[in-house]
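Computed from the coordinates by the stated procedures, all read-outs in this text should not be read as laboratory data. No experiment lies behind these values; they were computed from the predicted model shown. FYI the Cβ positions are ideal-geometry reconstructions off the backbone, even for glycines, and counts take in every protein chain you see.
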Amino acid sequence: MPRHLIASDKTIQKAAKEGERRLSDGDGLYLLFSVKGASHAWRFDYTFQGARKTLSLGTYPDTGLSLARAKADDFRKLVAEGTDPSGKRKQAKVEAVEAAETARRIELGEAVEGSFEAVAREWHQTVHVPKVSEGHAARTLLRLEQDAFPWIGAMPIADVTAPKLLEALRKVEARGAIETAHRVKFACGQVFRYGIQTGRCERDPSADLREALRPVIVKHHAAITDPLKVGGLLRAFDDYQGMPTTRAALKLAPLVFLRPGELRQAEWAEFDLDAALWTIPAARMKRTKQEKLSGTPHVVPLSRQAVAVLRELEPLTGHGRFVFPSPRGGNRPMSENGVLSALRRMGFTKDEMTGHGFRAMARTLMAERLGVPESVVEAQLAHAVKDSLGRAYNRTEFMAQRRDMMQTWADYLDKLRKGGEVITLEPSKKKAAKA
């Protein structure tokens, strides 16, 4: 088709004076005249995939004849290459808006859309928070904020490679936080898998770092498991001269061997001392968020000795909510360091005994000295033991066996406290425990 039909600017000015409505330059380029003003509009018509389309090329005289022709030529080349100029222009506008938004976010210190940090925060809110406890979710986010976002957070998640991720994790290792490095790697892996699911990346580079980090050296909670030393520990509790609530917590801890948080947050409403039962709500147990919301309570059969400790304490704290209230006020439980501090004051070091150590003490001695089946002990410890079909045991199973076990255990501790012989479970009771 003919082009450059407009001879010069004089041709445009003459056409405007004569009241022309449109002046064609050929091959789709033309100028639309404005009746009321001196500003006129360049237009370019073209056909793409059978559809007739029009693009604006600017206004005259700001966009002169030569510039309008150059723009039209660029669009003709795109059409010849199979690209829709209109679509390309729209894409350019979208990219400009995204670039401006990215610049704004960077200036404000916010996560950029599509970056590792943005996807990680989205995963945390939509997937992680609804699934785990509030404390667990907070710890995960803190690890990402401290040990991942500063190094790979601003990168597009699809551009994060295994070497880049490893470089960030090495910084965590360098400060000696080996277990944290593994936890950060695990969290990053969950973010990448979410990114794959939502179309932001195609693979999980953390899978390539399976053996790249230094191994975690597992340190078990310190616990006294020698029967003679256990006897000495129990006698120290009897002689403890501190707060009566702390003394009661120390005496009850080995009898129920719960997690320290479950013990110190005990509420009187959870106890039926006449039935010798302690029913701990699922929400207070160490479980997933779903199990906390809909799981069954954990039932603890109480030995005669445990009931005696509680009845002795009841006149002192039974009028309030917590069995072991804080000395600073009864509206909250004792500090998580209450039992620990007492152990230290009595001379038991952190390498010798901890609050968690009562669980290891019971598990070890009941297996080695009393012959209690592991499944019964695990049920009492509130561990999610799996059966042959992979299903978790109901935490109220083995109730009869557990009640018998808890009394046998308390009687055994009494013998150790008095310095008596180490005994084993009587044949009749051992048979009942295995049933």
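The order of the peptides 178-190, 62-74, 42-54 by mean Cβ neighbours within 10 Å, most packed first, is 178-190, 62-74, 42-54.
Annotation: amide H of LEU57 within the under-5 Å range of TRP42, ARG43, PHE44, sequence separation 5 or more or interchain, hydrogens built in the peptide plane. Residue by residue, the stretch 247-264 carries 3J(HN,Hα) couplings of 4, 5, 5, 4, 6, 7, 3, x, 7, 10, 5, 8, 5, x, x, 5, 6, 5 Hz when phi is fed to the Karplus relation 6.51 cos²θ - 1.76 cosθ + 1.60 (θ = phi - 60°); x denotes Gly or Pro. When +1 charges are put on Lys and Arg Cβ atoms and -1 charges on Asp and Glu Cβ atoms, the dipole computed for the stretch 258-413 relative to its Cα centre reaches about 580 debye. With R₀ set to 35 Å, the beta-carbon distance separating GLU18 from GLN49 gives a calculated FRET efficiency near 0.40.
Per-residue ellipticity at 222 nm, computed for the chain from helices alone with -39500 (n - 2.57) per DSSP H run of at least four residues, works out to -15000 deg cm²/dmol. In sequence order, the stretch 18-26 has phi-based couplings of 7, x, 4, 9, 8, 10, 8, 9, x Hz under the Karplus curve 6.51 cos²θ - 1.76 cosθ + 1.60, θ = phi - 60°, and Gly or Pro positions carry x. Counted residue by residue at 0.36 nm each, then reduced by the alpha carbon distance between them, the extension gain from LYS88 to ARG344 reaches 84.9 nm.
Dipole check for the chain: with +1 at the C-beta of Lys and Arg, -1 at the C-beta of Asp and Glu, and the Cα centre as origin, the magnitude is about 180 Debye.
Mean sequence separation of contacting Cα pairs (under 8 Å, at least six apart), scaled by the length of the chain, corresponds to a relative contact order of 10 percent. Spin-label model, ALA367 to MET399: label points 7 Å out along the Cα-to-beta-carbon direction sit 2.7 nm apart.
Only one of the listed values, (i) 71; (ii) 76; (iii) 68, was derived from the coordinates as percent of Cα pairs over 26 Å apart; which label is it? Here percent of Cα pairs over 26 Å apart agrees with entry (i). Dipole of the stretch 108-241 computed with +1 at Lys/Arg Cβ and -1 at Asp/Glu Cβ about the Cα centre; of SER115, HIS128, TYR240, farthest Cα towards the positive end is TYR240.
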